[in-house]
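A short worksheet on the structure shown next.
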Amino acid sequence: MERREFVCKLGSSLAGTAALSVSEAAPPGTERSASEREVQSEHQSGVRTRRAALMKVGTQHGSTNEILRILAAFGVNNICSSLPSMRLDENWSVEGLIRLRERVESFGISLDMVPLPLSSHYITKAEMPHIMLGKSPERDREIDAICQMVRNAARAGIPALKYNMSILGVVRTGPTPGRGGASYSTFAYEKAKQDPALTEAGPVSAEEYWERITYFLKRVIPVAEEYKVRMACHPHDPGMPRNKGFRRVQTVLGSVQGLKRFIEITPSKYHGINFCQGTVSEMLQKPGEEIFDVIRYFGSRGKIFNVHFRNIRGRFLSFEETFIDDGDVDMLKAMRVYKEIGYDGMMMPDHVPKIPGDADGYQAFAFTFGYIKALIAAVDLE
């Protein structure tokens with residue numbers, strides 16, 4: 001998106017003169033989104049109505065009192081907290097989670113989501129490694145703990161949990177220089193060192209990976225459905241070549257086809273995706289053209305539970321993580337699509353570039369929060 005286009009669009013939106021955006025059709029065989037049904041109703045009645053944007057700016061930046069004060073000042077009123085604990089302990093008890101929720105709410109902020117101790121770490125640093133190693137009975141004990149965390153979250157009034165199913169962690173190569181001397185996180189497959197040739201998990205075929213994912217979902221999602229807690233899984237970041245993988249691990253959640261298979265494993269409205277738009281863009285050859293229909297595919301099925309709203313420059317196996325307005329994806333157009341599908345969850349900054357003198361990333365995050373809030377305001381008035 002050109003800066004001039006965004007400024008003009010925001011200005012016209014705030015003046016109340018923005019035109020209605022016509023939604024593109026959802027993929028064949030999908031249910032129509034709420035916005036599409038509204039468009040049909042408008043066509044039949046001859047009356048045009050403004051559709052509100054339901055998205056809200058959110059973050060997973062942290063939940064210390066210091067950070068909550070900053071978020072409240074920025075008008076970031078919905079968050080995912082920091083990890084309560086790496087294991088099932090007092091912090092994961094019903095009382096501990098209620099204390100966390102009430103402390104967040106004391107700043108005027110809603111605790112919409114909490115992370116499980118299934119982070120995007122390399123396997124030797126994973127909180128509960130046996131789930132992805134597929135080693136029983138240890139994995140059964142870890143899954144039992146996850147199930148209890150789901151129950152406790154529900155009893156504490158927390159509606160959603162996010163998690164990863166990672167062995168490799170987040171793989172990157174050396175950073176590249178970005179706008180104004182900032183540093184952009186970068187991945188180039190041909191430059192990535194696959195040394196040693198195997199991870200501590202050993203070779204993991206696609207079939208083995210799917211078995212471990214399925215084993216977990218078949219145990220956990222029925223509990224989530226019983227207690228009405230949405231489970232949002234992050235894709236593998238980044239995707240790797242099919243059948244080649246990385247260090248002989250196949251990243252089955254690193255492609256759009258893999259994510260489609262994932263959401264079909266357990267038919268539940270509480271089973272979905274922590275939709276990292278940046279990571280999904282990294283799976284595509286032409287993200288600036290292809291990402292919008294991917295959003296429609298998962299959004300029209302009600303499978304997007306959270307959005308990491310970040311931009312990239314490049315394509316599958318070769319990309320940079322840019323500032324939100326400096327990549328290949330038109331983020332205003334993307335925001336329109338989230339409105340089109342009726343998405344009502346958080347739009348989060350995720351990875352942000354490193355700026356000299358901004359050690360904690362507060363300035364980079366502040367810029368991104370403001371940009372997201374402005375995009376939501378723009379599409380809300382269309």
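The values are calculated or read from the model by the stated rules, or taken from the named source; none is laboratory data. Just so we're clear, the structure is a prediction, and the values are computed from it rather than from any experiment. Neighbour counts run over all protein chains shown; Cβ positions are idealised from the backbone, glycine included. Ligands, DNA and RNA are excluded from the accessible area calculation, which covers all protein heavy atoms including side chains. Shrake-Rupley method; radii C 1.70, N 1.55, O 1.52, S 1.80 Å.
Can you list the strands (runs of 3 or more DSSP E) found entirely within segment 57-167 that contain at least 2 residues being open to solvent by 30 Å² or more (accessible area, probe 1.4 Å) and either hydrophobic (A, V, I, L, M, F, W, C) or closer than 20 Å to I221 by Cβ (or both)?
none
Go through segment 210-266 residue by residue and tally those that are acidic (D, E) and either within 16 Å of K162 (Cβ to Cβ) or at pLDDT below 95 (or both).
1
Mind counting the residues in segment 283-326 that are assigned to a loop (DSSP other than H, G, I, E, B) and of a type outside the set (K, R)? Steps first, answer last, please.
Of the residues in segment 283-326, the ones assigned to a loop (DSSP other than H, G, I, E, B) are 283-286, 301-303, 309-311, 316-317, 322-326.
Next cut, of a type outside the set (K, R) only: 283-285, 302, 309, 311, 316-317, 322-326.
Within segment 283-326, residues that are assigned to a loop (DSSP other than H, G, I, E, B) and of a type outside the set (K, R) number 13.
Can you give me the number of residues within segment 206-236 that are in a loop (DSSP other than H, G, I, E, B) and touching a Leu at 6+ places or on another chain (Cβ under 9 Å)?
Qualifying residue count, segment 206-236: 4.
Suppose the filter is crowded, with 20+ Cβ neighbours inside 10 Å and among the small types (G, A, S); does A334 pass it? Break it down stepwise before answering.
Working: crowded, with 20+ Cβ neighbours inside 10 Å: yes; among the small types (G, A, S): yes.
Answer is yes for this residue.
Is it the case that T214 is touching a helix residue (DSSP H, G or I) at 6+ places or on another chain (Cβ under 9 Å) and of a type in the set (S, T, Y)?
No; evaluated as a whole, the condition is false for this residue.
Can you spot a residue in segment 313-329 that is aliphatic (A, V, I, L, M), surrounded by fewer than 22 Cβ atoms within 10 Å (Cβ to Cβ) and at pLDDT 95 or above?
Yes, segment 313-329 contains a residue that is aliphatic (A, V, I, L, M), surrounded by fewer than 22 Cβ atoms within 10 Å (Cβ to Cβ) and at pLDDT 95 or above.
I'd like to verify a number: residues in segment 241-268 that are in a loop (DSSP other than H, G, I, E, B) and either open to solvent by 10 Å² or more (accessible area, probe 1.4 Å) or among the polar types (S, T, N, Q) (or both), how many?
Within segment 241-268, residues that are in a loop (DSSP other than H, G, I, E, B) and either open to solvent by 10 Å² or more (accessible area, probe 1.4 Å) or among the polar types (S, T, N, Q) (or both) number 14.
Only one of (1) in a loop (DSSP other than H, G, I, E, B); (2) without any contact (Cβ under 8 Å) to a residue 24 or more places away in the chain is not met by G174, so which one is it?
Failing condition for G174: (1).
Among the residues of segment 344-382, count how many are over 30 Å from R301 (Cα atoms), open to solvent by less than 60 Å² (accessible area, probe 1.4 Å) and either in a helix (DSSP H, G or I) or of a type in the set (D, E) (or both).
Going residue by residue through segment 344-382, those that are over 30 Å from R301 (Cα atoms) are 353-367.
Narrowing the set further to residues that are open to solvent by less than 60 Å² (accessible area, probe 1.4 Å) leaves 353, 355, 358, 361, 364-366.
Restricting the remaining residues to those that are either in a helix (DSSP H, G or I) or of a type in the set (D, E) (or both) gives 358, 364-366.
Summing the residues that are over 30 Å from R301 (Cα atoms), open to solvent by less than 60 Å² (accessible area, probe 1.4 Å) and either in a helix (DSSP H, G or I) or of a type in the set (D, E) (or both) in segment 344-382 gives 4.
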